[in-house]
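Heads up, the thing below is written out as structure tokens.
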Amino acid sequence: MTDPVVRLHEVHKSFGALKVLDGVSFDVHRGEVAALIGRSGSGKSTALRCIDRLERIDSGMITVCGHDVADPALKLRALRLDVGIVFQSYNLFPHLTVMQNIMLAPRSVKGLGRAEAVDLARGVLAKVGLADKADAYPEQLSGGQQQRAAIARSLAMQPKVMLFDEVTSALDPELTGEVLRVIEDLAAGGMTMIMVTHEMGFARHIASQVLFMHRGRVWEAGPPAIMSDPATPELRQFVGSELRR
Amino acid sequence: MELDFTTVLSRWPMLRDGALLTLELALIATTIGFAIGVACAVGRRGSVRWIAAACGFYVEAVRNTPFLVQIFLVYFGLSSLGLSLPAFTVALVALSINVGAYATEIMRAGFDAIPRGQIEAGECLGLSRLQVYWHVILLPAVERVYPSLTSQFVLLMLASSVTSQISTEELTAAANFIQSDTYRAFETYIVVAVFYVALSLLMRAGFWALGGAVFPRRRRLGTVI
């Protein structure tokens, strides 16, 4: 078996006195879709943010596409060329059109020429079904469209792994559906993905690996089947409460 | 009381030249001051402690001393260094230093108003710190504080009247000369006040047009960022 694209080993992280990650370990291999589930405050988002070095870890090891993320001398730009991340709040740049949002990094980070960047942007916009919104400003789009534009912006950098941090939590069910379809297409295309999600049905359907986090640890992990047949009372209770939601 | 404007208005070329010099001072100092403001706001927010402290010291030093004193400090400071510069240059330096400090505080507020997520998104796309400032933060920050910023620049134009004290031949200096020559002090300053109002309106109109060019989003949608 080849090396995992993302590996966390015994990762610890505290915010002041609050222990958020208490020895988190998991591997995500090429082409896998890992779903991080669990209650709010269980450490899922923090774990995800540590992978892209948005947070520094206190101890343990994280390797992403061969980069030692815990190394203080890590070349952040190199890491971020390999990792794409999409946030709950979209974080599109409000003063730029959708097209300009997408072209910014390819042009200023990768040094692409204008024509090349335009082609690239049109390609990713078509992928997320927003070809007709290229010249719109973010505020002119619905939440679902903004989130798809944000996915397109990440895709334009051709990352090796995509991180999704509760990307549908701010959306109503219909808009959630259109965003999830895009993520589904990406999975079908073989993209390695780690997603923090509260969409249990979607996680069950798309994930190759489900990681249930509880109290800063991976409490239970395995194929989506563990959600139907939990081994721990904590996961059983969590899945039950999510179903009742 | 009888007002007689004809004597004052007969000095029209002098008033015109003074007004043009005032405008010139204001526009150049605005440009320099804006650059200082952006640079020092970035410095103040940065992680290099001594730069942040130096920028903070500069801002407080300027904001807590009268402008007239600042002008004299620049004027006598430069001459004690053996630099005898024309009054216009001295006035320009003093005005730029002054407005730069206020612009720093305004830009700092603008930068602080940018949501953290915007910066993270930029960094996660691989942009460097400076690229994030340049492409992600600067324009929305300026757009947010544009009204305060432009008011400050209009105030700067009005404050340039104080530079008449070091005999810069701007509008107020022209007025001082005309009133002592014609003994029509009240009329002179009425005329000069009208000139200042016109210059202010001109600057505001200019900033409005500039805003349209620099903020295409606002021009198209008309909404607040």
Q: For B:A94, state whether it is on the phi < 0 side of the Ramachandran plot, in contact with a Ser or Thr (Cβ under 9 Å, 6 or more places away or on another chain) and either without any contact (Cβ under 8 Å) to a residue 12 or more places away in the chain or buried (at least 20 other Cβ atoms within 10 Å of the Cβ) (or both).
A: yes
Q: Looking only at the range A:85-92, decide whether some residue is more than 9 Å from chain B (Cβ to nearest Cβ) and out of contact with any strand residue (DSSP E or B) (no Cβ under 8 Å at 6 or more places or on another chain).
A: no
Q | Selected residue (only one of A:A152, A:A170 is modelled with pLDDT under 95, out of contact with any strand residue (DSSP E or B) (no Cβ under 7 Å at 6 or more places or on another chain) and closer than 26 Å to A:E32 by Cα) | A | A:A170
Q: Report the residue count in the range A:143-177 for those that are among the acidic types (D, E) and either within 12 Å of chain B (Cβ to nearest Cβ) or surrounded by 19 or more Cβ atoms within 10 Å (Cβ to Cβ) (or both).
A: 2
Q.
Return the pair list, or none, for Cβ contacts closer than 6 Å from residues in the range B:202-225 that are more than 16 Å from A:A136 (Cα to Cα) and more than 11 Å from chain A (Cβ to nearest Cβ) to residues that are assigned to a helix (DSSP H, G or I) and of a type in the set (S, T, N, Q), at least 6 apart or on different chains.
A. B:F207/B:T150
Q: Please go through the range B:42-94 and pick out each residue that is touching a helix residue (DSSP H, G or I) at 6+ places or on another chain (Cβ under 9 Å) and of a type in the set (F, W, Y).
A: B:Y58, B:F67, B:F72, B:Y75, B:F88
Q) Can you tell me which residues in the range A:119-139 are away from chain B (no Cβ under 13 Å) and in a loop (DSSP other than H, G, I, E, B)? A) A:V128, A:G129, A:L130, A:A134
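Regarding B:T89, is this residue surrounded by fewer than 22 Cβ atoms within 10 Å (Cβ to Cβ), under 19 Å from the mean Cα position of the chain (by Cα) and of a type in the set (V, I, T)?
Here the answer is yes, as B:T89 does meet what is asked.
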Q. How many residues are closer than 30 Å to A:S14 by Cβ, outside any loop (DSSP other than H, G, I, E, B) and either out of contact with any Gly (no Cβ under 6 Å at 6 or more places or on another chain) or modelled with pLDDT under 95 (or both) when one looks only at the range A:193-213?
A. 9
Q: Check the range B:115-134 and report whether any residue there is in contact with a Gly (Cβ under 6 Å, 6 or more places away or on another chain) and closer than 18 Å to A:M157 by Cβ.
A: yes
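Here's the yes/no breakdown for (1) surrounded by fewer than 19 Cβ atoms within 10 Å (Cβ to Cβ); (2) among the acidic types (D, E); (3) within 30 Å of A:D135 (Cβ to Cβ):
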| position | (1), (2), (3) |
| --- | --- |
| B:L155 | yes, no, no |
| B:S167 | yes, no, no |
| B:F177 | yes, no, no |
| B:R184 | no, no, no |
| B:A209 | yes, no, yes |
| B:V214 | yes, no, yes |
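Give the range A:215-237 a look and list any residue that's touching a strand residue (DSSP E or B) at 6+ places or on another chain (Cβ under 8 Å) and not in a loop (DSSP other than H, G, I, E, B), or say none.
First, the residues of the range A:215-237 that are touching a strand residue (DSSP E or B) at 6+ places or on another chain (Cβ under 8 Å): A:215-224, A:226-227, A:230-232, A:234-235.
If the condition is that a residue be touching a strand residue (DSSP E or B) at 6+ places or on another chain (Cβ under 8 Å) and not in a loop (DSSP other than H, G, I, E, B), then A:R217, A:V218, A:W219, A:E220, A:A221, A:G222, A:P224, A:I226, A:M227, A:E234, A:L235 are the ones that fit.
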Q: Taking B:N64 as the residue in question, decide whether it is of a type outside the set (D, E, K, R) and either under 15 Å from the mean Cα position of the chain (by Cα) or within 20 Å of B:A175 (Cβ to Cβ) (or both).
A: no
**Q.** Single residue of the range B:113-144 satisfying the filter (among the polar types (S, T, N, Q) and farther than 16 Å from A:P94 by Cβ) that is farthest from the other protein chains (Cβ to nearest Cβ)
**A.** B:S128
Q | Residues located in the range B:105-154, provided they are basic (K, R), under 25 Å from the mean Cα position of the chain (by Cα) and under 21 Å from B:A52 (Cβ atoms) | A | B:R108
Q) Can you name every residue in the range A:70-94 that is in a loop (DSSP other than H, G, I, E, B) and in contact (Cβ under 8 Å) with a residue 24 or more places away in the chain? A) A:F87, A:Q88, A:S89, A:Y90, A:N91, A:L92, A:F93, A:P94
**Q.** Single match in A:A188, A:A221 (criterion: touching a residue at least 40 places away in the same chain (Cβ under 8 Å) and at negative phi)
**A.** A:A221
Q. Which of the residues spanning the range A:39-69 are within 14 Å of chain B (Cβ to nearest Cβ) and assigned to a loop (DSSP other than H, G, I, E, B)?
A. A:D52, A:R53, A:L54, A:E55, A:R56, A:C65, A:V69
Q: Filter the range A:50-89 down to residues that are buried (at least 19 other Cβ atoms within 10 Å of the Cβ), aliphatic (A, V, I, L, M) and in contact with a helix residue (DSSP H, G or I) (Cβ under 8 Å, 6 or more places away or on another chain), then give me how many there are.
A: 7
(Q) at pLDDT below 95 and either surrounded by 18 or more Cβ atoms within 10 Å (Cβ to Cβ) or not small (G, A, S) (or both): which single residue out of B:F76, B:F34, B:F57, B:F67 fits that description? (A) B:F76
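The values are calculated or read from the model by the stated rules, or taken from the named source; none is laboratory data. Since the model is a prediction, treat every value here as computed from it, not as a measurement. Quick reminder, even Gly has a Cβ in these numbers, built from the backbone with ideal geometry, and neighbours come from all protein chains shown.
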